[in-house]
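Below: the structure, in structure tokens.
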């Protein structure tokens, strides 16, 4: 069965905007005016938190294994993750899109279906953006907005000595998932008759292609009256984020290797790929978990939470940021996270 | 004399962000937290106006004649223009940048020098963005924020019958400037020994390369207690904007050709290029003037303002949107403005 293909040039820019606008309903009280004017309007009684990400084809995603719907979902969710990392809830999203003629209206619809699914699940309104043709590759710029009472946002720079360092979920899976996708792509390139085999890799591949943001943690913290003293989301790898948090707070940190949360599948597949699971957990990136610090008095509240691991504590600045091995050996943390300027291609 | 060239890969993404951050100071009371955390924080006591533009190399700009500093300035200003078009003042700006390795740190600095000059002139704080490598071409995503008292923004959709249609400044010059730049580029391609000759084209070229937004109008309207009944900025050409305003307001319009403000240089150069100045004024685009409607009672206040032209009035929806020639002939307005999806290249 052939799939219908409508050319973007049949609609034109304004036609495409109308086409997208029809799918959108504003649900949040703070969304006053959406697509269709010179600017969108949101209302705020306190502080607005704003976060933005630029995603470029060939640098941040590879359409040969990333379905457009998943890509749209991920583009939205990674932005929401930054808003949660400020202790706020995302309420609005702007999406700007640069698309070349190789994309059809149906392809753009697929991308938006993922964006709108993420918006629905996270309670966010799509309020605007910009749409343009692109000469090379797909360009997605996503900007999310959240609202907090003035002064209640949680920054990276406010961790204090002896506070506990916590992380949600588990680490390293998204990176391992990317290695599996790259392996299957290479196999497919060598022999297009061999279909990608992703069986047994469900969790790690899903973590790469369809990450989720930590909405529940922010609800749980609020319900349990815990205010993190500092927070950051894990997008570039745990090591990189710990160093950011320490630098911003002018503090050091000790992280215990045996406390790092790693999923069993991540462990197994890492070993299959001859990768060290600990290194993947420390430097893998794209986990979109939340890394946060709490006062010691809050330890009892978090210790039995299956989704939260206490992985270390904040030290004085002079001690530096270190990982402590099971044998008690202290190793300085190094960020080997995502550095798009050094990355030559996705098959690194 | 050789100019120093520092590779972006020498700094890396975080190094580049630090490098940019050092140039920035926040001046507005509403700018609470800028670059360096998961999100920026702005405070608001009413409504936030948000506008975003995606600018792609080869589609929206051509670096062979657009200096990077001018490009940065323009990227910021065209966004500010959208905020003014909502009857608000821009206060914050996000800039996301995708740059390939062919750009040096010095080139990125040039671009930011233009962005920061625009911010300084318009009283805007650069509060964040994202920075990435790009495989192809330069990508700029700009998002501006303004604040208004709740309910005081001016939309496109609220024009009423018999109201007067006004436009600031003059029209068509930026389009004519682009034609001159394209002509000189063709000459240079054919014979690289011939230097571009832009003498006598100062105004039209400046309107293309270094547009300004209509800050003064918003101040003047406020000082003179005029609240436009509807407003839109002229980015895609007057005809296109009138049609947007009419469609959104469910109204028609009559525009008088002999009232269209056209600069003498625009007239002269249009004739030199065998272009019709009226068509350029109606469909040229990138003027970044403001098109707005006012109640008839405000006519006396605007009639002697040299920067404001009253070009027509709002009609009922059934009358449609028309231009009226000097001989009284009525011609339906057609948008032939910028449509990036139909545009094959800049040398159209």
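All of the numbers you see were taken from the coordinates with simple rules; none came from a lab. Predicted model, so just to flag it, every value in this text is computed and none were measured. Cβ: placed from backbone, ideal geometry, glycine included. Neighbour counts: every protein chain shown.
Pairs of Cα atoms in region A:72-124 fall into 10 Å distance bins, from 0 up to the last occupied one, in shares of 23, 50, 21, 6 percent. Length available on full extension from residue B:135 to residue B:106: 0.36 nm per residue minus the Cα-Cα distance, which gives 8.5 nm. For residue A:320, the distances from its label point to the matching points in the remaining copies are 7.7 nm, ordered from shortest, with each point set 7 Å beyond Cα toward Cβ.
Region A:1-64 and region A:99-158 have their alpha-carbon centroids 6 Å apart.
Prolate is the label for the protein assembly as shown, because a/c, from the alpha-carbon gyration tensor with a ≥ b ≥ c as root eigenvalues, is 1.5 or above and a/b exceeds b/c. Across the copies of the chain, residue B:185 has label points (7 Å from Cα along Cα→Cβ) spaced 3.2 nm apart, shortest distance listed first. Note on chain B: GNM, Cα springs under 10 Å; of B:330, B:195, B:247, the largest mean-square fluctuation is that of B:195. A Förster radius of 22 Å combined with the Cβ-Cβ distance from residue B:301 to residue B:216 puts the calculated FRET efficiency at roughly 0.90.
Can you grab the distance from the C-alpha centre of region B:287-335 to the C-alpha centre of region A:259-319, Å, no decimals? Between the Cα centres of region B:287-335 and region A:259-319 lies a distance of 63 Å. Rounded, prolate or oblate: which fits chain A, taking a ≥ b ≥ c as square roots of the Cα gyration tensor eigenvalues, rounded meaning a/c under 1.5, else prolate when a/b beats b/c? It comes out oblate by the Cα gyration axes. Gain on full extension, evaluated as 0.36 nm per residue between residue B:121 and residue B:319 minus their Cα-Cα distance, stands at 67.1 nm.
Annotation for residue A:258, label-to-label distances across the other copies: 9.3 nm (shortest first, one decimal, point 7 Å from Cα along Cα→Cβ).
For a paramagnetic label modelled on residue B:227 (point 7 Å from Cα along Cα→Cβ), amide N atoms under 18 Å away belong, within region B:150-187, to B:150-161, B:163-164. Kindly identify region A:1-88 as rounded, prolate or oblate by the Cα gyration tensor criterion: order the square roots of the eigenvalues as a ≥ b ≥ c, call it rounded if a/c is under 1.5, otherwise compare a/b with b/c, prolate if a/b is larger, else oblate. Cα axes put region A:1-88 in the oblate bin.
Across region B:89-199, the convex hull enclosing all Cα atoms gives 208 Å³ per residue.
Between A:88, A:107, A:213, the Gaussian network model of chain A with springs among Cα atoms under 10 angstrom shows the greatest mean-square fluctuation at A:107.
Given springs between every Cα pair under 10 Å in a Gaussian network model of chain B, which of B:189, B:23, B:69 has the largest fluctuation? Looking only at B:189, B:23, B:69, the largest GNM fluctuation is found for B:189.
Projected label points at residue A:157 and residue A:113, each 7 Å from Cα along the beta carbon direction, are separated by 4.5 nanometres. The shape of region A:10-148 can be summarised by an equivalent ellipsoid whose semi-axes, obtained from the alpha carbon gyration tensor, come to 24, 17, 12 Å from longest to shortest. Annotation for residue A:190 and residue A:29: the two label points, set 7 Å from Cα along the Cα-Cβ direction, are 6.0 nm apart.
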